[in-house]
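Worksheet: one structure, shown below.
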Amino acid sequence: ALLLCGPISTTTNDFSVAEFVDKPISGVSVFRNQLGSLFFRNPTDFKYRPSHADQLHVSLKWGNEWVADDVGTFSYNSRLAGADGSNANQHNVITINNQNPMRRFSRFLWLPWTKCSRVLKLNQIRATHAGYPHYSCERTVQKLPHGFIIIDKIKGKTNAEISLRWNGRSKLALEQLSIICSAESKEDWQSGNEKTGEGWHSSSYGVREPSWVRTITTRASSAIFVTAIGCAIKLEKNKLWVDGKKH
């Protein structure tokens, strides 16, 4: 998916690239500041059929390191779990009951094509999709001068297992993310899980190596997750505070 937006070099010595790139036709957006870049998958329409259930996926680069990344594709023909890297639980998104926001009909066909609606503001995009029946999924990404914030709001009427995943090549890098949840939650780490296909990364087709996935899970009807890097966050009575100021 990163290829849809082109290279997003973020070295601190080269800041000639645009601070915001938006490609609504391909459904990708990139925010940059002098410390890193954030890639956001938020398609409002599909020119071609989607091959991955990656609506609202975020990849995050901090300094010269990918903190949270797309896991890539190992193989479209292998019988190994998660070999094609296409499921929602292999992307940096929210899942409901570990399901996909689209139904897989064949190797390259997902139906229905779940689209996003979105609102753009200065240094911010808020996007939603309705891929999970009876639940709304909203993700807001915001660029700060010194960091990034990702806010996920899930609203439903009945309790479900709501999970937020962050995939990365390094556990140490993923630990840089500050993550809070409005409901009681648990945190889990996986690497190289053969059964579920989670915790793997393919830098090129046919190559697969163990990586890490950090998962925050709660059982609730509604929840708010906040992920940040480069700033301090606090959530009180569903109100967000960033660096000691009400957000």
Query raised in the report: Among the residues of the stretch 50-61, is any modelled with pLDDT of 90 or more, assigned to a strand (DSSP E or B) and either more than 18 Å from L177 (Cβ to Cβ) or of a type in the set (A, V, I, L, M, F, W, C) (or both)?
Result: yes
Query raised in the report: Hey, does the stretch 30-39 have a residue that's hydroxyl-bearing (S, T, Y) and in a strand (DSSP E or B)?
Result: yes
Requested in this report: Answer yes or no as to whether S75 is among the small types (G, A, S), in contact (Cβ under 8 Å) with a residue 24 or more places away in the chain, farther than 30 Å from N33 by Cβ and surrounded by fewer than 21 Cβ atoms within 10 Å (Cβ to Cβ).
Outcome: yes
**Report entry** Residue that is surrounded by the most Cβ atoms within 10 Å (Cβ to Cβ) [pool: residues in the stretch 81-102 that are farther than 17 Å from S163 by Cα and either in contact with a strand residue (DSSP E or B) (Cβ under 6 Å, 6 or more places away or on another chain) or of a type in the set (A, V, I, L, M, F, W, C) (or both)]
**Finding:** A83
Query raised in the report: Among the residues of the stretch 127-136, is any buried (at least 21 other Cβ atoms within 10 Å of the Cβ), within 30 Å of P210 (Cβ to Cβ) and of a type in the set (A, V, I, L, M)?
Result: no
Query raised in the report: Do any strands (runs of 3 or more DSSP E) entirely within the stretch 174-247 hold 3 or more residues that are without any contact (Cβ under 8 Å) to a residue 40 or more places away in the chain and touching a strand residue (DSSP E or B) at 6+ places or on another chain (Cβ under 8 Å), and if so, which?
Result: 185-190
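Tally the residues that are under 30 Å from P145 (Cα atoms), more than 9 Å from the chain's Cα centre (by Cα) and not β-branched (V, I, T), restricting the search to the stretch 61-81.
Within the stretch 61-81, the subset under 30 Å from P145 (Cα atoms) is 61-72.
In the following step, the residues that additionally are more than 9 Å from the chain's Cα centre (by Cα) were identified as 61-67, 71-72.
When the remaining residues are screened for being not β-branched (V, I, T), the result is 61-66, 72.
Within the stretch 61-81, residues that are under 30 Å from P145 (Cα atoms), more than 9 Å from the chain's Cα centre (by Cα) and not β-branched (V, I, T) number 7.
The values are calculated or read from the model by the stated rules, or taken from the named source; none is laboratory data. Given the structure is predicted, the values throughout are model-derived calculations rather than measurements. A quick note on method: Cβ atoms are made from the backbone with ideal geometry, for glycine too, and the neighbour counts reach across all protein chains shown.
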